[in-house]
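Taking it in order: structure first as structure tokens, then the write-up.
The values are calculated or read from the model by the stated rules, or taken from the named source; none is laboratory data. Keep in mind that this is a model prediction, so the values were computed, not measured. Counting neighbours? That spans all protein chains shown, and the Cβs are built from the backbone with ideal geometry, glycine included.
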Amino acid sequence: MKNKITPTLFFVLTFLIFANPSIAQQDVLKQLQEIAVIEQKVMMPMRDGVRLATDVYRPKTDKKVPVIFSKTPYNFNSWGDGEMKSGTYQAALDAVKRGYAYVVQNERGKFFSEGNWEILGPPTTDGYDAFSWMSAQPWSNGKIGTLGCSSTAEWQMAVAALDHPSHAAMVPMGFGAGVGKVGQFMEQGNWYRGGAQQMLFTTWLYGTETDNMARPLFPKEATSEDLTRISRFYDLAPEMPKVDWAQGLKHLPVKDIIQNVNGPKGTYEKMIVRKPSDPEWFKGGLYHDNMPFAVPSYWFVSWYDVSTGPNFALFNHVRKNGTDQQVKDGQFLVIAPTLHCAYKRATENTIVGERSVGDARLDYDGLIYGWFDYWLKGEENNMLKKTPRVQYYTMGSNKWQSSETWPPANVEPTTYYLSSKGSANSLYGDGKLTLSPIGKDEKPDAFTYDPAFPVPSYGGNVCCTGTAIQGGSFDQHQMETRQDILVYTTEPFKDGVELTGSIETTLFVGSDAKDTDFTVKLIDVYPDGRAYNLDETILRARFREGFDKEVMMENGKVYKLTLSPMSTSNFFEPGHRVRVEISSSNFPRFERNMNTGGNNYDESKGIIAHNKVFHSAQYPSKIVLPIIRK
């Protein structure tokens with residue numbers, strides 16, 4: 001089978017961050033062969049007898065060496081000109097040159113690995129067993145560091161809870177926050193945001209899910225040599241038909257989207273019916289916050305990724321709840337102005353979407369290998385002393401900054417109140433953000449949300465949606481001409497203002513529907529009218545009292561909503577303004593609410609909701625901005 005890399009898996013090409021497509025694959029392989037012992041398709045045994053296909057690249061030396069380990073559901077087996085194999089070779093070459101063994105392994109049930117694959121990564125013991133196998137090898141010094149982005153990062157947190165004696169350090173990049181509640185988030189592996197489905201997994205599962213019934217299997221007696229030879233012309237990668245997901249995600253009911261494009265069956269249909277509090281979420285191999293955390297970690301986050309807020313919540317959780325003081329002190333964070341897993345795509349003029357954020361380059365190789373040198377080799381390189389606890393990039397001023405905490409200690413939470421004369425609809429309405437509390441009753445702003453005509457997602461903080469959404473920052477002002485978007489804007493800033501940290505939003509709302517969504521988007525408005533998105537959030541109204549209960553709305557009543565926080569670091573230059581957009585849809589970033597109060601996932605017809613946002617002395621809808629005074 002020919003290897004097929006679809007648009008829905010763009011991050012597959014970037015999870016191995018050391019890839020250098022300018023170097024031909026065979027040239028890299030030749031360099032690697034000169035300095036490394038290469039063992040491919042090593043079938044590593046797990047405790048239940050399942051064997052996981054593993055490639056090992058280690059220095060030609062008699063000295064014992066530490067290990068950098070990546071476990072992934074993605075295909076690194078192609079022997080053609082595929083970028084994944086080039087990326088693997090380049091990652092291995094970089095590691096071996098620095099005195100490390102580089103080990104990459106497919107999750108169970110993926111490609112040449114035996115067993116059945118599941119999205120949430122069970123069992124966690126696979127990671128533990130892999131550590132035991134690697135640390136017992138005669139060439140290993142017994143120290144292992146884990147590395148990877150996206151799904152290749154997600155498994156690391158749960159295995160860190162097992163505290164294997166060889167798991168000395170980890171570098172998770174573009175990760176989620178596991179399952180369960182972490183801080184103010186309960187997303188169940190990025191499946192939800194505010195109780196609404198994030199549609200990224202619809203497209204991701206189409207390209208990633210393994211059909212365990214149809215997957216070819218090799219006999220147990222097949223040797224590593226046999227499998228390596230076979231993989232040169234048969235890598236077990238399915239040839240997935242291309243799908244126009246901009247159209248495909250519009251299909252209703254939601255539960256039939258993958259079936260409608262003749263995709264693989266099983267996982268999606270099983271998960272789409274789960275509610276946020278379903279105990280099934282906890283049966284996988286992902287981390288949740290009542291588990292211990294025992295490994296020093298260098299976390300890498302992106303401003304325009306799907307899980308930035310949860311990433312911060314998990315970082316702070318581990319800083320507070322690590323198993324000992326060394327673990328608590330061994331947590332460091334980098335926040336880059338990039339898309340999902342695109343750290344090394346930063347250039348002298350980094351463009352994210354269509355907004356320039358300046359020279360956002362950083363020596364990622366130096367940081368990561370300095371980290372591993374300290375923890376895996378025991379080098380006294382002052383890594384913990386010379387490295388800022390948090391390095392973050394501030395857009396607008398376009399510079400790297402540092403802090404000992406996240407958010408920085410000098411943040412001044414500043415409340416802005418929503419205000420209007422009842423006509424905040426669109427860019428041309430009278431909505432304002434004001435520092436003065438509302439001292440009188442103001443007429444609420446009303447808009448109509450029709451699930452047949454949702455507000456389209458335009459840019460944003462996304463991952464893995466294929467052709468449906470282009471992530472990043474885009475000028476929203478044309479979108480803001482819609483009457484179903486409420487627009488509230490500050491006066492132009494006389495002096496520059498930096499926002500760095502979490503943005504908290506409280507809305508008082510009403511609706512004639514039993515259930516509906518409320519969305520919020522944070523915007524940087526330029527003097528010429530360009531309006532660039534920074535972050536976005538959503539809350540399904542039925543979950544306003546908690547994700548473990550569903551409470552429907554009643555017509556004529558006012559309800560308080562506290563949305564999951566947004567996050568950014570952005571400098572608003574003099575003349576710029578802060579803007580907040582409020583609506584009831586952001587599709588297909590989030591699934592549409594059909595407004596019926598039903599299951600939503602099995603509904604093909606919705607009803608129109610007439611929604612209101614209140615702002616008055618009694619109902620002070622507001623947004624709290626994290627301002628840093630210079």
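Quick notes on this one:
- Selected residue (only one of P444, P437, P454 is more than 30 Å from Y304 (Cβ to Cβ) and buried (at least 20 other Cβ atoms within 10 Å of the Cβ)): P444
- Scanning segment 406-433 for residues that are free of Cβ contacts under 8 Å to residues at least 24 places away in the same chain and of a type outside the set (D, E) gives A409, K421, S423.
- Residues in segment 557-611 that are part of a loop (DSSP other than H, G, I, E, B), in contact with a Pro (Cβ under 6 Å, 6 or more places away or on another chain), surrounded by fewer than 24 Cβ atoms within 10 Å (Cβ to Cβ) and not polar (S, T, N, Q): G575, D602, E603, G606.
- Selection count where residues are more than 17 Å from G176 (Cα to Cα) and under 21 Å from the mean Cα position of the chain (by Cα), scope segment 272-282: 4
- Given (1) under 30 Å from A513 (Cα atoms); (2) over 30 Å from the mean Cα position of the chain (by Cα), number of the condition M479 does not satisfy: (2)
- Neighbours by Cβ (under 7 Å, 6+ apart or cross-chain): first from segment 594-616, assigned by TED's automatic domain parsing to the domain that holds V455; second modelled with pLDDT under 95 and in a loop (DSSP other than H, G, I, E, B): H615/I438; H615/E442; S616/I438; S616/D441; S616/E442
- The condition of being on the phi > 0 side of the Ramachandran plot and buried (at least 21 other Cβ atoms within 10 Å of the Cβ) holds for only one of G99, G121, that being G121.
- Residues that are buried (at least 22 other Cβ atoms within 10 Å of the Cβ) and either basic (K, R) or touching a His at 6+ places or on another chain (Cβ under 8 Å) (or both) were ranked within segment 178-215; the one that is nearest to F315 (Cα to Cα) is V182.
- Taking helices (runs of 4 or more DSSP H) as the structural unit, those lying wholly within segment 231-300 and holding at least 2 residues that are free of Cβ contacts under 8 Å to residues at least 40 places away in the same chain correspond to 257-260, 267-271.
Residue-by-condition table, conditions (1) in contact (Cβ under 8 Å) with a residue 60 or more places away in the chain; (2) assigned by TED's automatic domain parsing to the domain that holds D495:
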position	(1), (2)
E354	yes, no
D363	no, no
G366	no, no
S397	yes, no
D441	yes, yes
F447	yes, yes
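- Enumeration of residues in segment 515-556 that are within 17 Å of S356 (Cα to Cα), part of a loop (DSSP other than H, G, I, E, B) and touching a residue at least 24 places away in the same chain (Cβ under 8 Å): Y526, P527, G529, R530
- Residues (in a loop (DSSP other than H, G, I, E, B) and under 20 Å from P66 (Cβ atoms)) located in segment 150-184: L162, D163, H164, P165, S166
- Qualifying residue in segment 214-237 (condition: within 30 Å of I335 (Cβ to Cβ) and either assigned by TED's automatic domain parsing to the domain that holds T72 or over 14 Å from the mean Cα position of the chain (by Cα) (or both)): no
- In this structure, W117 does satisfy being within 22 Å of the chain's Cα centre (by Cα), in contact (Cβ under 8 Å) with a residue 24 or more places away in the chain and assigned to a loop (DSSP other than H, G, I, E, B).
- Those residues of segment 350-376 which are farther than 14 Å from G471 by Cα and touching a strand residue (DSSP E or B) at 6+ places or on another chain (Cβ under 6 Å), in sequence order: V357, A360, I368, W371, F372, W375, L376
- Of K283, K250, K265, all but one fail to be within 27 Å of G459 (Cβ to Cβ) and either aliphatic (A, V, I, L, M) or not assigned by TED's automatic domain parsing to the domain that holds G598 (or both); the exception is K250.
- Residue that is surrounded by the fewest Cβ atoms within 10 Å (Cβ to Cβ) [pool: residues in segment 335-354 that are at pLDDT 95 or above and touching a Pro at 6+ places or on another chain (Cβ under 9 Å)]: T350
Here is a yes/no grid of residues against (1) modelled with pLDDT of 95 or more; (2) within 30 Å of G207 (Cα to Cα); (3) not assigned by TED's automatic domain parsing to the domain that holds V334:
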residue: T415; (1), (2), (3): yes, no, yes
residue: N425; (1), (2), (3): yes, no, yes
residue: S457; (1), (2), (3): yes, yes, yes
residue: G466; (1), (2), (3): no, yes, yes
residue: E480; (1), (2), (3): yes, no, yes
residue: F493; (1), (2), (3): yes, no, yes
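- Some residue of segment 559-568 being closer than 17 Å to P337 by Cβ, of a type outside the set (A, V, I, L, M) and at pLDDT 95 or above: yes
- Some residue of segment 486-508 being closer than 19 Å to V455 by Cα, outside any strand (DSSP E or B) and out of contact with any helix residue (DSSP H, G or I) (no Cβ under 6 Å at 6 or more places or on another chain): no
- Only one of T387, T434 that is in the same structural domain as A95 (by TED's automatic domain parsing) and on the phi < 0 side of the Ramachandran plot: T387
- The single residue among F218, F201 that is assigned to a helix (DSSP H, G or I), closer than 24 Å to G121 by Cα and touching a residue at least 60 places away in the same chain (Cβ under 8 Å) turns out to be F201.
- Condition met for A95 (modelled with pLDDT under 95, of a type in the set (G, A, S) and assigned by TED's automatic domain parsing to the domain that holds T203): no
- Any chance E187 is in contact (Cβ under 8 Å) with a residue 24 or more places away in the chain, in a loop (DSSP other than H, G, I, E, B), closer than 20 Å to H340 by Cβ and among the acidic types (D, E): yes
- If only residues of segment 449-480 that are out of contact with any helix residue (DSSP H, G or I) (no Cβ under 9 Å at 6 or more places or on another chain) and among the hydroxyl-bearing types (S, T, Y) are counted, the one that is nearest to S567 (Cα to Cα) is S473.
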